[in-house]
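Structure record follows, encoded as C-alpha cells.
The values are calculated or read from the model by the stated rules, or taken from the named source; none is laboratory data. None of the values given here were measured: they were computed from a predicted structure. A quick note on method: Cβ atoms are made from the backbone with ideal geometry, for glycine too, and the neighbour counts reach across all protein chains shown.
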Amino acid sequence: MTDQRSQAEIVRQSLKRRYRKERRFRAYGIAAIAVALAALVILFADIIGKGYTGFMKTTLTMEVQIDGEMMYLDDATDERQLKMADFVEPLVQALIREIPSATEADRDAVRDLINPYASVTLRDRLKENPEWLNTTRTMTFLAHTDVDVYAKHAGDEAYSIKLSEQQQAWVDQLQEDGVVETSFNDVFFQNGDSRDPSKAGILGAVVGSLLTMFVTLILSFPIGVAAAIYLEEFAPQNKLTDFIEVNINNLAAVPSIIFGLLGLAVFINLFGMPRSVPVVGGLVLTLMTLPTIIISSRAAIKSVPPSIREAAEGIGASKMQVVLHHVLPLAMPGMLTGSIIGMAQALGETAPLLLIGMVAFIVDVPDGFFDSATVLPVQVFLWAGSPELAFIERASAAIMVLLTFLISMNALAIWMRKRLERRW
Amino acid sequence: MQPANLLLLTLVLAVVAYGLGYARSRALAMPLGGIRHLKSLPFYYGARAALWCGIPALIVLALWAAFQGKVIQMLVIGSLPPEMIPADEGSASLLLSKISNVASGALPPGFVEAPIVEAAERLKALRGQSRMLMSALVISVAVLAGFLGWLRIRPRINAREQVESILKWLFFACAALAILTTLGIIFSVAFETFRFFEKISFVEFFFGTSWSPQTALRADQVAAEGAFGMIPLFTGTLLISAIAMLVAVPVGLLSAIYLSEYANKRVRSIVKPLLEMLAGIPTVVYGFFAALTVAPFISNLAASLGIEASSQSALAAGGVMGIMIIPFVSSLSDDVINAVPQSLRDGSLALGATQSETMKKVIFPAALPGIMGGILLAVSRAIGETMIVVMAAGLAANLTANPLETVTTVTVQIVTLLTGDQEFDSAKTLAAFALGAMLFLATLLLNVIALKIVRKYREQYD
C-alpha cells in the first residue's frame, strides 16, 4: 500500500516536468514551421522588393523638331539616306530645349540621358510616317539606363548612381516638368534580351519556354500515360516488368543535370542535332518529367475501382476496350493533374538546359522549334549573373513572371484535383 | 520538307487511311448483309489501316531525322582534300562549325579557304538531298504500307485483336523507354568516362587533392598542366549538403511531427500546401536568393562580428539548399509517421505517456527506418542540386571544412566545364562526364538504399 502511494507520488511529482517537456516539444514544432514559413515569406518579399521596379520604365517625352537639314535628310522614304542620317542630334537638341540650364556646351552630358536605342526608335517612326520630316512632334523615348536607375533608386545605397551631380539636378528638374516619367514597363514584355537593361525583355525567353514546353507536353503526356497503362493493366508479373519499375523509380530521383549530360551526349553529339534549340530542350525535359507523369498516372489508374473493370468485362468488353473506354476516362483528371505538376517542374528547370547550350545571348524572339532560344529560368540565371543592378532588377521581375506561371499551374492542378477527381 | 511538317503529313495520311479502311470494311460488308457480318467493328478496320500507314512511316522518319545530321557531317568531312581531313574530334568539330557557318551565310565565303567553301556548298546540297530523300521515303512508306493494310481488309480477319495487340506493344515500348533512358545515361557517361581515364589516371582522379582543369591552350605551354583530383569537389559537395541537411532535417522533421500529431485539420490544410510551395519554387530562384541576398548578408554579418567570410560562402548555398529540401523531408516523414499504426499510439497514451513521450519513445523509433530512407533521398537530392550552387557557391576548389569559405561542388564543375565553347576531346570536357558518372553512381546508390529501406519498412505494418 505504502509502496503504491509513493509510486503515485513520484508520478505526480514528475508530472510538472513532463508537461513542461510536452509544451517545449510542441513549441519546437511550431518554431520549425515558423522557420519554414518565414523563409518562404522572406524569399517572396526579397524577390518582390528587388524586382517590382523592373516592371517600371523611365521615359523622356519631348517635342522633337525633325529638322531635315540638321539630320542630313531630305527624303524620308529613301533607304540610303535613312541609313546615313543623324537621328541623335534632333533628340539632343530637343532635350537641351527642355532643360533651361543646359546649353550647347553641355550636349555630351545631355546626350547621356537619352537611351542609345532612342535614335533607332525615331528612325523607325519616321520611316513609317515620312511626312513627319520637317515638323515638330511630341514623342516619347526610353531614357538612358543610368537615368532609369537614378529615377527609381535615387536614395538607395545598393545602387551606384552613375549620373553626375549636374545631370542629377537636370533629371530632378525634368521629373518636375513631366519630361522624365516612370510608367509601366511594356518594353519588358515586348522585347528579347539586350545588352542594355532598359531595352531588355522576357518575350524571347517566354516564347522559348512555350516552344520547349509544347514539345515536352506532346511527347511526355501520351508516352507517360501509355507507359502507366501498360504497367498497371497489361504488364505480366516478371523480371522485365520489375526492371522497368526499378528504372522508373530511379530515374525519378536522378539529378536533373545528368539528363543534361544525356542530352549533350546523345541528342547533340550522337544525333548531330543543333545546340540551343527548343526541340532538344523539350526532348531532355521529356525524359526528365516522364517518371513523374508515369508515377502519378499509375496512381490515378489504381484509384479506379475494380468494379468498373469487372462490369465492363462482364458485358463482353475486351481488356483494351475496358481500359480505353472506361478506366482511362475515369483516370484522366488524375493523370492531367500529375502532368500539370510535372510540366510545372519542367518549366522551372534550368540545369540540364545549360548543358545543351540554351544559355546563349539571344536577342531575337525564336520563331520555330529549330531556332536558337533560351527559356525563362535560364534568362533569370543569365541576368542574375550580371554585375549591373539594373539587370538584377529585371531578373527579379522575370522571377515574378515565372512564379506567376508556376503558381497558376499548381493552382489549376489543385483545383482540378478538388473538382474533377472522383472519390469512390 | 521540314521534319515537323512531314510528321503532320504522316498523321494526315494515317487519318486518310483510317477513313479509307473504314469505308472499305463497310463496302465489303454490304454484300454479306451489313456490318454484323464483319469480324470486328468498322472502326477497327479503319484503325488497323491507320496503324499500318503511320507506324512504319514514323519509324523511318524518326531514324532518318536522328541520324541524318551525323551522316551528312561524315560525308562532308570525308569529301575534303586528304590534307585537310582533321586528325582528332576536336578539330573536326571546329572545322564542321566553320563549314556550317559558311553554309548558313554567317561567315562570308571570302574569309575561308576554297575547299571549305566547296564543303559548305556540298553541305547545303547534301542537306537538301537528304530532306528530299527523307520526304520521298517517308511518304512512299506511308502510302505503300497504308495501301497494303487497306488491301488486306477482309470481313474474316479479326481487326480488333490485331489493333489491340499493336497498341499493347506500343504501350510496352513507352514503358520500356525508361530502360532506354537509363541505358542512354549509362552509355553516354560511361563512354566519355573511359576516354577520360585514358588521359588521367585513376589515382589522380580519386585521390588527388587539387582541382584546376586548365589544360594547355598551346602545345608548348607547360605551366597550365591541369590537375584533376576530385577530393576537393567531393568534400565541397559534402560540406554544402551537410549544411543543407542541418537545416532541413530538424525543421522538416519537427514540422512533420507537429503537423501529423498536434495540428488540427484547419492548420494542417493551410500549412501543408504552404510548405509544399517551397518545393515548387524553381531552383534558379533559390540560387538567385542565395547569391544576391543570403550570401552578402552572411558575409556582412561575419564582417561585423570580426570574422572573415567569403562572399560566396558554403553556408549561404547550403542554408538556402536546406530551405529547399525542408518540404521534401517533411512530406516524406509525414507519410512515414502516419503509416505507424494507430494502435501503437493508443497503447502508449493509455499507459499514461504524454503525447511528446509517445512521439519520442514509441512512434519515432517505429518510424525511424522510414525517416532515414527519406533523409537519404534528401541527401541524394542535395548532392545533385545544381542551380543553387552554380549561382551561390564559387569555382575555387578549396579543400576546407570551414562553412564561411568558398568551396565548389561536382555539379558546379560539370556546368562550368560544359557551358560555353568546348572542344569535345579535351580532358576538360571529358572530366565533366567523369564527374557526371560519379554523381550518377552516388545518387543511384543512395536512392537504391533509401527505396529499399522505405519499402521494407512499409511492408512491416501492411
Within the range B:261-282, restricting to residues that are of a type in the set (Val, Ile, Thr) and either more than 9 Å from chain A (Cβ to nearest Cβ) or more than 32 Å from the chain's Cα centre (by Cα) (or both), the one that is surrounded by the most Cβ atoms within 10 Å (Cβ to Cβ) is B:Val267
Residue pairs qualifying under the 7 Å Cβ cut-off, at least six apart or on distinct chains, with the first in the range A:74-89 being part of a helix (DSSP H, G or I) and the second being of a type in the set (Lys, Arg) and modelled with pLDDT of 80 or more, are A:Leu82/A:Arg123; A:Leu82/A:Lys127; A:Val88/A:Arg111
Residue match in the range B:320-340 (condition: without any contact (Cβ under 8 Å) to a residue 40 or more places away in the chain and either away from chain A (no Cβ under 14 Å) or not aromatic (Phe, Trp, Tyr) (or both))
yes
Note: among A:Leu283, A:Leu261, A:Leu330, just one is facing chain B (nearest Cβ under 9 Å) and not in a loop (DSSP other than H, G, I, E, B), namely A:Leu261
Log entry, pairs with first residue in the range A:270-287 being surrounded by fewer than 21 Cβ atoms within 10 Å (Cβ to Cβ), second being of a type in the set (Lys, Arg), beta carbons closer than 8 Å, six or more apart or on different chains, reads A:Leu270/B:Lys70; A:Phe271/B:Lys70; A:Gly272/B:Lys70
Filtering the range B:397-426 down to residues that are small (Gly, Ala, Ser), at pLDDT 80 or above and either within 28 Å of B:Glu198 (Cα to Cα) or part of a helix (DSSP H, G or I) (or both) yields B:Ala397
### Task
Test B:Gly252 against the criterion of being within 8 Å of chain A (Cβ to nearest Cβ), closer than 16 Å to B:Leu377 by Cα and buried (at least 18 other Cβ atoms within 10 Å of the Cβ), and give yes or no.
yes
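Residues checked against (1) surrounded by 14 or more Cβ atoms within 10 Å (Cβ to Cβ); (2) assigned by TED's automatic domain parsing to the domain that holds B:Ala23; (3) part of a loop (DSSP other than H, G, I, E, B); (4) aliphatic (A, V, I, L, M):
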| position | (1), (2), (3), (4) |
| --- | --- |
| B:Leu96 | yes, yes, no, yes |
| B:Ser100 | yes, yes, no, no |
| B:Arg122 | yes, yes, no, no |
| B:Ser140 | no, yes, no, no |
Report whether or not B:Gly370 is under 27 Å from B:Leu441 (Cβ atoms), crowded, with 22+ Cβ neighbours inside 10 Å and more than 13 Å from chain A (Cβ to nearest Cβ). yes
- Message: Any residue at all in the range A:138-160 that's in contact (Cβ under 8 Å) with a residue 24 or more places away in the chain and over 29 Å from A:Glu393 (Cα atoms)?
- Response: yes
Heads up, the helices (runs of 4 or more DSSP H) in the range A:187-254 (entirely inside) with at least 1 residues that are touching a Ser or Thr at 6+ places or on another chain (Cβ under 8 Å), in contact (Cβ under 8 Å) with a residue 40 or more places away in the chain and buried (at least 20 other Cβ atoms within 10 Å of the Cβ) are A:203-229, A:239-253
Just to be sure, is A:Pro377 outside the structural domain of A:Gln190 (by TED's automatic domain parsing) and part of a helix (DSSP H, G or I)? yes
Considering the range B:380-409, residues that are of a type in the set (A, V, I, L, M) and surrounded by fewer than 24 Cβ atoms within 10 Å (Cβ to Cβ), and then whichever is nearest to the other protein chains (Cβ to nearest Cβ), we arrive at B:Ile383
Just one listed residue, out of B:Leu80, B:Leu63, B:Leu107, B:Leu41, is within 14 Å of chain A (Cβ to nearest Cβ) and closer than 30 Å to A:Asn269 by Cβ, and it is B:Leu63
### Task
Confirm whether B:Ala50 is away from chain A (no Cβ under 14 Å), closer than 15 Å to B:Arg160 by Cα and either modelled with pLDDT of 85 or more or touching a His at 6+ places or on another chain (Cβ under 6 Å) (or both).
yes
Note on A:Gly54: of the conditions (1) within 12 Å of another protein chain (Cβ to nearest Cβ); (2) over 30 Å from B:Glu261 (Cα atoms); (3) of a type outside the set (D, E, K, R); (4) touching a Lys or Arg at 6+ places or on another chain (Cβ under 9 Å), unmet is (1)
Within the range A:137-186, restricting to residues that are at pLDDT below 85 and among the hydroxyl-bearing types (Ser, Thr, Tyr), the one that is surrounded by the fewest Cβ atoms within 10 Å (Cβ to Cβ) is A:Ser160
When B:Val285 is run through (1) within 9 Å of chain A (Cβ to nearest Cβ); (2) part of a loop (DSSP other than H, G, I, E, B), the failure sits at (2)
Item checked: Flag if B:Ala145 is at pLDDT below 90, of a type outside the set (Asp, Glu) and either over 20 Å from B:Val410 (Cα atoms) or more than 27 Å from the chain's Cα centre (by Cα) (or both) -> no
